[in-house]
Amino acid sequence: MAADRARQEDPARSGAPGDDAATHPWVRPGPGPQGRRRDLFLGFSMAALALLSVVLSNSMGSFPLGPPPPWPEQLAWAVAVGLPLIWRRTHPEISTSVLAAIFIAAQLRHSPETMVSSASLFIAVYSLGAWGRDRRLAARIRIGVIAAMFTWLAIAVGLTIASQQSEFPGAAGPISPLFAAAVATVLLNGAYFLLAYLLGNRTWTSALRQHELEVQAEELRRSRAENAERAVNQERVRIARELHDVVAHHVSVMGVQASASRRVMDKDPATAKTALAAVEQSARTAVDELRRMLGVLRNAGATDGALGYGLEQVNSLLQGARDAGLAVEYTVYGTPVPVPESVSQAGYRIVQEAMTNTIKHARASAVDIRIRYLRREVEVEVTDDGRSVPFSVPARSPAGLGLIGMRERVAAHDGSLEVGARAGGGFRVRARFPITQAGAASDTRLPGVPA
């Protein structure tokens, strides 16, 4: 994630000394239009305050560095120390370097304005730490500016000591007055520049963390959208699978019965009538199942098991096969144990789809349905004695909707599916679903529904 990568590449956040992210790849974007307007206002405001400071200093007659330059030059230096702040966020490296040079030059010329100039330098060093694009360059410039300021400070203290004409009046401490003044000046300026440096780093780190939060929020939003799309696609597949299972079985039976009725309509009206009654019943059952399924799908909290079909209802499928002219044998092996509703329904649908394929394509005369409750599995097997239809037939091919639905149901429960021709003729569909309950021994045969 971006946050982890940032922690690895950010020395400050990992506890390392020095700059907070000298090698961090993230570049803080510059200010917007409103931010640039604020910087413009700040630059002109600091220039105006510097002009006021010049007036006040001359009015007080306080010139600690020596005789000041002429008034026009004083005013020029005052304006010069404020204007670079206009570019403090768009070009922080240039702004800080220029302002530091102006500050030292004004001091060399004995400009009486020092208070606003010091504040402008503080803002510039802070801004470079908070907005510098190149973190290594930003650190080097700040360290260079601070070193230059302390060099100038040492020179200024030396000049002050050299020009001192008398002892410090009222000095009574145990430390030399000159040494005390030098130490106090160094401590004050050290705290001043250290605070500007650390505040700039802190602001940049806060902006980085905000950026990481935004990136993570975007990734989370994208992940939610992908999950929602995946859920929609899975639901579409589930609906398609249910529609295929419900419609295909009953429509197949109806087609066989209608064909039989057409063939015997003139020769055996009674048989034709019975076949048509079976078609009518299959149609009603199909409509009822469709209504039930659509009702469940409209219920957001419904699950597959809510459709009410499972291994216990396999017997309800046999009459349709018998009406289609098949000899049906249904047998249960082992001791039936409770299985999850989703597994039970999946087994029911496997049997339904296998019988549908037998009725539609196999030209079989008999079908054998076996359900085995094993120790850790429940096995569903459907075999017929019909012809082994080539896999090019859509309903029995790997690309057919029927087999696709079977594979999806079995895979959803970590089961296995075997589909193919039997040795000696016929076709077999065998599905195994893992279960947690301990089943009975597989060699115990229970009576099923007789053919």
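When all alpha carbon pairs of the range 20-161 are counted in 5 Å bins from zero, the resulting P(r) reads 2, 11, 19, 20, 18, 14, 9, 5, 3, 1, 0 %. Using the Cβ-Cβ distance between Arg363 and Asn315 with R0 = 22 Å, the FRET efficiency computed as 1/(1 + (r/R0)^6) comes to roughly 0.35.
Peptides 350-356, 219-225, 148-154, 256-262 ordered by packing proxy, namely the average of other Cβ atoms within 10 Å per residue, highest first: 350-356, 256-262, 148-154, 219-225. Counted by neighbouring Cβ atoms within 10 Å, the residues Val337, Val232, Val410 run from fewest to most as Val232, Val337, Val410.
Of the peptides 80-86, 370-376, 422-428, the order by per-residue mean of other Cβ atoms within 10 Å, starting with the highest, comes out as 80-86, 370-376, 422-428.
For Lys360, Lys273, Lys267, the sequence from fewest to most other C-beta atoms within 10 Å is Lys267, Lys273, Lys360.
With both labels modelled 7 Å from their Cα along Cα-to-Cβ, the Leu40 to Trp71 distance reads 3.1 nm. Packing around the peptides 186-195, 276-285, 126-135, taken as the average count of other Cβ atoms within 10 Å per residue, puts them in this order, highest first: 126-135, 276-285, 186-195.
We did not get these values from a lab; they are worked out from the coordinates using the rules stated. Remember, it's a predicted structure, so these values are computed and weren't measured experimentally. Please note: Cβ atoms are built from the backbone with ideal geometry, for glycine as well, and neighbour counts cover all protein chains shown.
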